[in-house]
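Asker: Please see the structure below; I have some questions.
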Amino acid sequence: MVTVKDVASLAGVSTATVSRVLNGYPNVSDETAARVTRAVAQLGYRPNRVARSLRVQTSQAIGVIIPDIQNNFFVSIVRGIEDVAIAHNHILLLCNTDDHPAREENYVDLLLGEGIAGLIICASDEKQSSVPVRRVIEQAVPVVALDRALSDLEVDTVLTDNVAASREATEYLIARGHQRIGVIAGPDYLTPGRERRQGYEQALAAHGIPLDPALIRVTDFRPSQAREEARALLDLPKPPTGLLVCSGLMTVEVLRELKVRHLDPMRDLALVAFDDTVLSRCLCPDFPLIMQSTYELGHTAAELLFERMRDTEKPARTVRFETGLMERSELA
């Protein structure tokens with residue numbers, strides 16, 4: 001059976017472009033439309049009318065692209081998005097990329113083919129993700145970047161104030177007498193990774209503490225890598241006495257490594273971490289956390305998206321949420 005992918009391959013376009021031509025959407029050049037029409041005729045493609053009807057009915061849908069649906073951080077964000085979408089009589093089409101740019105690009109094309117009304121994306125890479133997202137913007141579909149900015153694109157963006165948060169966390173450790181403070185951060189090509197390390201470095205500089213590159217460990221936010229980096233820090237000739245861990249799932253793996261070494265995350269290594277999770281609370285109830293408003297992040301991103309649907313001409317906005325460093329006793 002001939003599929004849309006076959007037509008797209010023969011015409012040298014994306015499946016989203018084929019869908020736009022077949023559904024009569026604007027912003028497709030006459031030359032491209034002609035190529036698609038010739039490919040349809042040559043292959044004898046016949047659209048599935050039932051499926052097409054269903055797509056029309058789900059045109060009140062917004063696409064949501066996130067890195068990891070198993071991460072509690074994103075679960076709460078998606079709930080915030082969904083509550084706003086339901087209030088506006090829209091549904092979600094949720095895509096999970098595992099931070100793979102190629103998978104993300106495929107999802108963008110798929111969502112465009114489904115005729116989404118808007119897109120909220122937590123990018124897998126600030127620069128690489130801008131390429132497929134630009135196609136979304138060119139097709140007049142509103143976009144909101146969430147948790148991670150998009151390079152060179154003027155879109156509404158919702159972020160955590162990562163620099164201030166990690167600076168506060170590092171200063172918390174400094175105030176308790178720690179001079180050798182390690183950090184397990186994310187990569188520079190993601191906003192939280194880069195900005196959280198910047199806040200850490202700013203705090204050290206403000207207190208005249210020399211920066212030791214051996215204490216800075218960079219991961220791709222994967223838990224397994226975090227445990228490896230924790231091992232590397234703890235095996236240093238002069239290991240850190242304080243440690244900032246820049247995501248919740250990474251914190252769980254760091255706690256597991258500390259448990260294996262019979263180290264207490266308050267007595268033997270002062271630990272401060274981003275994001276609370278049920279598992280980290282069970283493993284150790286004592287260390288302080290940088291609390292993020294995850295539900296509000298998603299809720300605000302969705303509100304911005306629907307505002308953009310109503311008014312496409314207003315300037316793009318960036319909203320940054322403050323965090324709070326809380327002792328576990330405050331969370332009980």
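The values are calculated or read from the model by the stated rules, or taken from the named source; none is laboratory data. This is a predicted model, so every value here is computed, not measured. Don't worry about glycine lacking a Cβ; one is built from the backbone with ideal geometry, like all the others, and counts go over all protein chains shown.
Asker: Out of the residues in segment 300-319 that are among the polar types (S, T, N, Q) and loosely packed, with under 14 Cβ neighbours inside 10 Å, state the one that is nearest to the chain's Cα centre (by Cα).
Answerer: Thr318
Asker: Another one. Only one residue in Ser29, Ser14 is of a type in the set (Ser, Thr, Tyr), in contact with a Leu (Cβ under 8 Å, 6 or more places away or on another chain) and at pLDDT 80 or above, so which one is that?
Answerer: Ser14
Asker: With a cut-off of at least 2 residues that are at pLDDT 95 or above and in contact with a helix residue (DSSP H, G or I) (Cβ under 6 Å, 6 or more places away or on another chain), name the helices (runs of 4 or more DSSP H) lying wholly within segment 123-225.
Answerer: Once the helices (runs of 4 or more DSSP H) in segment 123-225 are filtered for at least 2 residues that are at pLDDT 95 or above and in contact with a helix residue (DSSP H, G or I) (Cβ under 6 Å, 6 or more places away or on another chain), what remains is 162-175, 191-206.
Asker: From the residues in segment 233-291 that are of a type in the set (Gly, Ala, Ser) and touching a helix residue (DSSP H, G or I) at 6+ places or on another chain (Cβ under 7 Å), which one is modelled with the highest pLDDT?
Answerer: Filtering first and then ranking leaves Gly242.
Asker: For segment 62-89, name all the residues that are assigned to a loop (DSSP other than H, G, I, E, B) and out of contact with any Ser or Thr (no Cβ under 7 Å at 6 or more places or on another chain). Steps first, answer last, please.
Answerer: As a first pass, look at segment 62-89 and keep what is assigned to a loop (DSSP other than H, G, I, E, B): 67-71, 88-89.
Scanning segment 62-89 gives Asp68, Ile69, Gln70, Asn71, His88, Asn89.
Asker: State which residue pairs qualify: first residue of a type in the set (Phe, Trp, Tyr) and inside segment 294-306, second residue in a helix (DSSP H, G or I) in any location, beta carbons under 7 Å apart, and separation of 6 or more residues or different chains.
Answerer: Qualifying pairs under 7 Å: Tyr295/Ser76; Tyr295/Arg79; Tyr295/Gly80; Phe306/Val84.
Asker: Related question: Looking at Val36 and the list (1) modelled with pLDDT of 85 or more; (2) assigned by TED's automatic domain parsing to the domain that holds Ile120; (3) in contact with a helix residue (DSSP H, G or I) (Cβ under 7 Å, 6 or more places away or on another chain), which single condition is not satisfied?
Answerer: (2)
Asker: Scan (1) out of contact with any Gly (no Cβ under 8 Å at 6 or more places or on another chain); (2) touching a residue at least 40 places away in the same chain (Cβ under 8 Å); (3) assigned by TED's automatic domain parsing to the domain that holds Asp220; (4) not charged (D, E, K, R) for the single condition Ser166 breaks and write down its number.
Answerer: (1)
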